[in-house]
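The next block holds one structure in the form of structure tokens; read it before the comments.
Quick note: the coordinates plus some simple rules give every number you see, no bench work behind them. Remember, predicted model here, so these are calculated numbers, not experimental data. Positions of Cβ are backbone-derived with ideal geometry, glycine not excepted, and every protein chain shown enters the neighbour counts.
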Amino acid sequence: MTKKKAFKQEYLTKYMYLISLVLVMVVFSIFAPGFLSLYSLQNIMFEAAPLLILAGGLSFIIYTGGIDLGAGAMVSCTCVLTGIYIAKMGNIIVLLMILAGVVMGTLNGVITAKLKLPSFIVTLCTQNFWNYVALILCPNGSIIIPMNMRSIVKWTTVKIGVIPSTFLLAILVIFLLYVFQQYTFYGKSIFAVGANANATRLAGVNIDAAQISAFTISGVCSALAGALYAYKLKSAVPTIGTSLTLTAIASVALGGTSMAGGRGSVLRTSIGVLTITAVTSGLDMMGADPLWKNIIIGVILIGAVCLNSDSQGRDLIIK
Amino acid sequence: MGELLFEAKGIGKDYGATTVLHDIDMKISSGEIIGLIGENGAGKSTLMKIISGVEKQSFGTMTLRGKPYSANTILEANHHGIGMVFQEQSLVGNLTVAQNIYLNREKKYSTAGFVSWRKMNVDAKKAIARLGLDLDTSKKVRDLDFATRQMIEIAKVLDVVEETASGKAIILLDEPTTVLSNEEIDKLFENMRNVAARGNAIIFISHRLDEVLKITDRIYVFKDGAETAEMPTKGADINILYEKMVGRSTTGEFYVEHKQTVPTDEVVMSVKDLSVFGSFNHISFDLHKGEVLGLCGVEGSGKESICAVLVGDEAPTSGEIVINGKNQNFANPYQARKKGILGVPKERRSEGMIGILSLEDNILISHLDGLTKRGLLNGKKTRAIADEWIKKAGIKCTSAEERINQLSGGNAQKVIFARALESGCRILILNHPTRGVDVGSKEEIYSLVRDMTAAGNSIILLGDTLDECIGLSSRCIVLRDGLITGSFECQVGNKPSQKNIVEKMM
Amino acid sequence: MNRKWENAIKEYSVGQQFVLRVKDDAKRDRITRIAPVILLVIMTLIGAVSQKDFFSPDNLVNILYQMSIPLVISVGLMLVLLIGSIDLSIEGNMGFAGSLVAFLVTNGTNSNNFGIWGVLFCIFIGALVGFITGFLHVKARIASFIVTYAIGSIMTGAAVLIYKGTAIKVLDPAFEVISRNKFLGIPYLTIIAFAVFLIGALILNYTAFGRAVYAIGDNELAAASTGIDVGKVKILVFTISGCIASIAGILMCIRLKLGQSSIGADQMFPVVTSIVIGGGSLAGGKGGALASFIGVLIYTELVNWLTLMGVNVYLRGVIQGIIIIIAVALTINKNRRTIAK
Amino acid sequence: MKKKILAILAAMTMAAVTVAGCGGSNGSTTTAAPAATAAVAATTAAPAATAAAAATTAAPATTAAAATTKAAAATTAAAASSDGIVADNEADTPVPATIGSTKIDKAKGAGYHVGVCVLSLDNEFWKQETEGAKLAAAQYGAECDVLTCDSDANKQLQGIKDYIAKYGDKAVFVVDPCTTANTSNIAEICEESGNYCSIMFHRADGLFPKDFPHFVVSGKMNDYVNGQKTAKALFDSIGGKGKICEIQGLLGDDSSLNRHNAFNAMLKTYPGIEVQDSQSASWNQAPAMTLTENWIVKYPDLAAIYSSNDSMALGALEALKAKGLNGKVKLVGDDGAEAAMQAVISGDIVETIAGDGYLAGGYGAAFALQAAEGYLDVASVPGGRLFFSKVTFVTKDNAQNVIDKFIKTRDPGYDYTNLAFAVDKFQLVTDK
């Protein structure tokens, strides 16, 4: 094929992940009247916000070729802590949660990097631990942020223009993550570790630091997401995270980031998140039979990943 | 010379718009060993791939033993009695020698789908015996050393093709000697002759012209996808071949000796009584500013291990590495780099290139922390630096965004060099810097080395060949069995002869 | 090892040193290889010492009975892990197969009575699903993690579709027999499970296919270059995994006499952990039948032990987690040059 | 070497926090309820002091949380009533014979859409709720859609919002919330958009329908009292003494905790009962079966097992059957799954509770619809619009009828136009 054509194709595959989002939007706006109404779009943004942050952070672990099965548990843990202590200390709690995130993430990172254990196992085990903390702090299912404290959490429901404040927050986080990924040497070395850890090591890069930083980032983002969920649900919910981990990983992959590591972008991830959120609420608005929901989502997921997968990695072995 | 086995007429290959191989004719008769030389990207590998069934030719025809021949898969080629030994080892570590040799050919030994490993081992022993090898074939390949693996690799292919075409097989060897030590190479050559004597034909690809001249009967020279010469080995010599390959005649200044610097007395690193248990003992030497210190020795003489220690990849058992007055003890290459030592690793693909990343990232990876300002990198600046290196090192690529694993071996190696230079390290450990690199790139790399020393850097060199080691170094240390057996000054003009160094090596 | 050898340097020549070091490495290698076995022994001893019931025949039968289904799952999962992939759809497939078989054999909801044919049909469907998974993974080049996740959610949905929320009670006498009756004190179900596992082990160790799986896990390109049809093997692996998953689902249904999607819940991750404890690697190429068996046994003993100890219900998970991390840290083959992902 | 140290360190950190938490957990969950009070109260708005006070003196009128009162009850259970059932959370407000019992004009109902929100359809009870809501909607001539959320509180809210986005003010809801806390969000969302909703089974502390004109009713099942009743039945079945184990539901689920507390409360009145172990099987069969298998080895003289729901009970039953202990080791469940009720008939399970989904879902929908269509003056409903819904205790005697009524015919034939029928008792509102 000619250079021009090659270029075109390159271009197409590069932005395919955007196209699939548009596709979803169009399809649902046809089948579900009112899907494009301001109210429902605001819903989608509001829904997507915490997941954006969670998945954004998780991406970095995927870049290293690892995986974090504990993200959900960290969300539960921080959600509970926030929900319980916000009454005492107000919004400052968010900063404390970020601190907690650093601790949790770094613990995962250190165990993985220094003991050279597969992150799959490490996170699988440590999550029990965060879940445990969440559960003993909140044994009866959920603790509500008392009505008289609602003023503290009001800002989350505010809309700036037509955009929910939390969504703007998420966008800000994604932006920061993008800068971290693109313009810091930790970001670069995280990708390098994912691409060829041994070569990176011999190039004199501190790969342990890189790996740990990835986990820390993920920890922080999970914590932030957890806090946001507490704000959103105005309560501490120790089980909130259980279903989130895989959703987050799925949306990372849906954006086209390679699970093998070394390639990807938080921008892709955020599109992935928006797509998944759009699909779920779109299905609700179509009034799809709940019995079929899982099936439909599964099919859409496969289709979308097919479209989006980062074609530059084509020559890689897919595992 | 035996009957004509194989003939290719007007073979060509193009990918999309670009033609990488055009109008190649080749004749192979039974019992001959054919040399195939040319720079990387000259089309050798492409032709090999076409013959061995990895790829399909775009034009031209091939005939095998008089019948038209074409293969869509390696397997098909094997059934026609054509087998290729690939450059990157294609053995499976967690299988035994026998299982590797008969991988995907288990039928012969299986009853009702269940394989008898015992029977297989018996045959495997025979197969490797053909190459004068004798070892327990139920051993896992993982536990064998590189050279032995290479031999098994060849034994495997040999077995495949001889089984189908006894005495009429064609075997393609792509750079088989790069990982072998001298005596192993001699052993290999001997075996090659035996194989040929049985009527098989061998195509031998190597960048080491001396080897080609030593073993082959006939030589094909490729350049830019075309066949520039076809000559009998007797009567050919390095200069002729070199000229045909690169189109310009070789300068006697192959190692750019006119640029060789005279090291100052300033000691940048002194190694004191360094030992790694079982690899080398009591190694002591000083490295001076602007010096190229060559380490000579056969495989297993401990030179590799010394490198590993110096770049922080291996922990010494005892001894000191003193840099500006302090004893340094590196836990990992990162710390070594921080102290100004960086290595250019031996295995380019697995240890050097960060395959799916861009050239820019590959060049800058060792210096990113240095380029960071207030925690951030300046995209424009980094790109500028990358482009500058691409120009300086003469890296052929579309842009700094291109992925490194899309480059040819030589260019990739230049990128790794650029990385080492960019890192700002003052001491560079070059481990087989020109392994598997074509003559053209070699020369460029040599001049890069000279530039480094001119800039006041110091280099420890493990030459790909002894000749290279002598040519580049300003001083050579010779190792045998992990001990220093000699040290030679190599000023321009009175370089020691290979002979007296080899004496110390063996 | 640095310090350890310091003095030895003076005594031996480099050559001798080398021999010594190789010996030493070999020794350490051997230790890591048998580490799981040691772990198993320790686990058993701890159990025996701390709990008098641990070695009671009843409890031993319990352990056998409780490890049988994980053991079956491990057959499929082992193959998938060996090629370096992962199969998250196992839970969904189990749930589906369990529901479908309950729907097809004599049950309390409808008048179906296909008996063995129903069972075989389920296994076939499982294989089919596995095939589709593998096909998507190989041809569409979707990472196994995602494709299996998606297929898993699809199958869970399909399972619920079958019984529309009201779990189906199984009345087939054959199911009764298999779960209740014993041969030499060992339940039929356990015997079936072990048979399945044995077949799996034989296929892995004594067939060309088995070798191909190892080859792909260790060095995919090399495998391809010897003419192995990597894609085909991979698809076959997932097909087997799917087929095995539905066998496991059916066994679970036999165990519980009830068909619903939740019978697959939390079945897969424990088995992955077990295999890793047994010495398998998530990167592929390492592990095998024996490793899986030992791993599953260790894991089952651990869970059984925790129950016998009556550990605090909330703490259970944490203790389990810590023990597993330590276990893996001991059994995994570490090398300062490698990096775990 | 370094790695080893690291390993130990990591292990120790975790161990440390674990132990730290362990203190909390012993208090808050497995053993006595008062500690739980402290734990919970400390974490709610109520100052810890009052909570503690509430715990010791069962004074119902404190600012403490609902959980507190329950716990309080638990501590003073002995004094509570003759049969030991502590029902101090039921108000004695008389249930008026009719609430909004009116003639329904179906045409008027047309265009209204009932969104019935349940956790998922993978459960008989939730299915009954949806069936009930559909039947009710039919009687009002309205449409009905099912919204599931796979037990994800967040998804549930999203679902409701999406439904509102679709049908605007024509949408009304009957919600089985994922978590107690979620109820306040649901109420607020509906209030904001002006859609009527009934929220069943759970209600956040400090959340009152009276503060939310569109929050029509909160109908609970009295898990706490019902749990005590089944526990009592179980204890009596083994003559009030013997060794016994408990299988809890999903940790962190509040029905699970209520039932656990009920079990503990009833224990107080039966000194002869020794609890051997209490583990969670997260509502699932398989783990329950494994647990039981191990228990009957460890405790050969086990007399009974208290299971917080039916599928876990059925799991346990399978384990017992395998050892031929079914019927010998007594068993109770909750939820009223068909298989469980069959087991009740065959005597393998002592008692279970048929929480009536048709009633909860249906009347919940009915309340919301009447409010939306203007039949019901929301303010007129007594008891602060907080009531306990009817349940049926399934024993050997009535099991068959229950099955015939609810399972065989998928319509219990309720008249969803007479709302009063659903109300068993009004809740005693202690947390005002």
Take every Cα pair under 8 Å in the stretch A:37-242 that's 6+ residues apart, average their separations, divide by the length, and report that relative contact order as a whole percent.
-> 48
Using a 10 Å cut-off on Cβ atoms, rank the peptides A:75-88, D:295-308, A:229-242 from the highest mean neighbour count down.
-> A:229-242, A:75-88, D:295-308
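What does the structure give for C:229-238 when I average, per residue, the other chain Cβ atoms found within 10 Å of the residue Cβ? Mind dumping the intermediate values first?
Numbers: counts 3, 1, 0, 0, 0, 2, 0, 0, 0, 0.
Averaged over the peptide's residues, the number is 1.
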Part-to-part distance (alpha-carbon centres) for the stretch A:81-157 and the stretch C:225-268, which is given in Å = 35
Residue order, fewest to most beta carbons within 10 Å, for D:CYS190, A:CYS306 = A:CYS306, D:CYS190
Restraint check, B:LYS303/C:LYS234; C:LYS286/D:LYS321; B:LYS27/B:LYS391; D:LYS268/D:LYS405; B:LYS392/B:LYS495, Cα-Cα greater than 31 Å | B:LYS303/C:LYS234; C:LYS286/D:LYS321; B:LYS27/B:LYS391; D:LYS268/D:LYS405
Cross-link reach from B:LYS119 to lysines, straight Cα distance under 22 Å and at least 8 residues apart if same chain, gives B:LYS107, B:LYS108, B:LYS139, B:LYS140, B:LYS156
Sort the following peptides by mean Cβ neighbour count (other Cβ atoms within 10 Å, averaged over residues), highest first: B:182-192, D:220-230.
-> D:220-230, B:182-192
Please state the Cα pair-distance histogram of the stretch C:36-331 with 10 angstrom bins from zero: what percent is in each bin?
-> 7, 28, 34, 24, 8, 1
How big is the stretch D:224-350 in terms of Cα radius of gyration and Dmax, in angstroms?
-> 12.7, 34
Mind checking which aspartates and glutamates have their Cα closer than 12 Å to the Cα of B:LYS396? Skip sequence neighbours fewer than 8 apart in that chain.
-> B:ASP387
Treating cross-link reach as a plain straight distance, find the lysines whose alpha-carbon is under 22 Å from the alpha-carbon of D:LYS408, omitting any fewer than eight places away in the same chain.
-> C:LYS164, C:LYS169, C:LYS257, D:LYS127, D:LYS134, D:LYS390, D:LYS396
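Give, as a single signed number, the net charge of other residues whose beta carbon lies under 13 Å from the beta carbon of B:ARG193, with Lys and Arg counted +1 and Asp and Glu -1.
On the way: positive: B:ARG130, B:LYS187, B:ARG198, B:LYS214; negative: B:GLU32, B:ASP186, B:GLU190, B:ASP217.
So the surrounding residues net to 0.
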Which of these, C:ARG21, C:ARG30, C:ARG141, has the largest mean-square fluctuation under a Gaussian network model of chain C (Cα springs below 10 Å)?
-> C:ARG21
So what J values fall out for the stretch C:299-311 if you push phi through Karplus, 6.51 cos²θ - 1.76 cosθ + 1.60 with θ = phi - 60°, rounded to Hz, Gly and Pro as x?
-> 4, 4, 4, 4, 4, 4, 4, 4, 5, 4, 6, x, 5
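Looking only at other chains, what is the average number of their beta-carbon atoms within 10 angstrom of each beta-carbon in D:254-261? Can you show the working numbers first?
Values: counts 5, 2, 3, 3, 2, 0, 3, 1.
Whole-number average of other-chain Cβ neighbours for D:254-261 is 2.
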Volume per residue, Å³, of the convex hull around the alpha-carbon atoms of chain B?
-> 166
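Which GluC sites (Glu not before Pro) in the stretch B:131-168 sit in a loop by DSSP (not H, G, I, E or B) and have at most 10 other Cβ atoms within 10 Å of their own Cβ? Don't skip to the answer; put the middle values down first.
On the way: sites: B:GLU153, B:GLU162, B:GLU163; in loops: none.
Within the stretch B:131-168, no GluC sites (Glu not before Pro) qualify (loop, at most 10 other Cβ atoms within 10 Å).
What ranking, highest mean first, results for peptides A:53-61, A:132-140, D:262-270 when packing means the other Cβ atoms within 10 Å averaged over each residue? Please report the intermediate quantities before stating the final value.
Working: A:53-61: 31.4, A:132-140: 26.8, D:262-270: 22.8.
Order by mean packing, descending: A:53-61, A:132-140, D:262-270.
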Amide H to amide H under 5 Å from D:MET221: which residues, 5+ apart in sequence or cross-chain, H placed 1.01 Å off N in plane?
-> D:PHE201, D:SER389
How are the C-alpha pair distances of the protein assembly as shown spread across 20 Å bins, as whole percents from the shortest bin up?
-> 8, 32, 33, 18, 8, 1
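What is the order of B:HIS288, B:HIS432, B:HIS207, fewest Cβ neighbours within 10 Å to most?
Values: B:HIS288 18, B:HIS432 23, B:HIS207 26.
Listing B:HIS288, B:HIS432, B:HIS207 from fewest to most nearby Cβ atoms yields B:HIS288, B:HIS432, B:HIS207.
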Counting only other chains, what is the mean number of Cβ atoms within 10 angstrom of the Cβ of each residue in peptide A:101-113?
-> 2
Using modelled backbone amide H atoms (1.01 Å from N, in-plane), which distant-in-sequence or interchain residues come within less than 5 Å of D:GLY242's amide H?
-> D:ILE273, D:GLU274
Cα-based Kirkwood hydrodynamic radius, the stretch D:178-268, one decimal, Å = 15.0
Evaluated at 25 °C and 0.890 mPa s, the Stokes-Einstein D of the stretch A:37-242 based on the Kirkwood radius over Cα pairs, in µm²/s, stands at 141
Quick one: what Rg and Dmax do you get for the stretch C:1-77 from the alpha carbons, in Å?
-> 21.3, 60
In whole angstrom, note down how far apart the Cα centers of the stretch C:54-113 and the stretch D:391-426 are.
-> 37
Which order do A:VAL220, B:VAL439 fall in if you start with the one that has the fewest other Cβ atoms within 10 Å?
-> B:VAL439, A:VAL220
To the nearest 20 debye, what charge dipole does the stretch C:36-331 have about its Cα centre, counting +1 at the Cβ of each Lys and Arg and -1 at the Cβ of each Asp and Glu?
-> 240
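Antiparallel versus total DSSP beta bridges in the protein assembly as shown: what percent is that, nearest 5? Write out the running numbers ahead of the final one.
Values: 64 of 135 bridges.
Of those bridges, close to 45 percent are antiparallel.
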Anyone know which of A:ASN294, A:ASN148, A:ASN198 comes out most mobile in the 10 Å Cα GNM of chain A?
-> A:ASN148
Could you count how many Lys pairs in the stretch A:37-242 have their Cα atoms under 19 Å apart, skipping same-chain pairs fewer than 8 positions apart?
-> 7
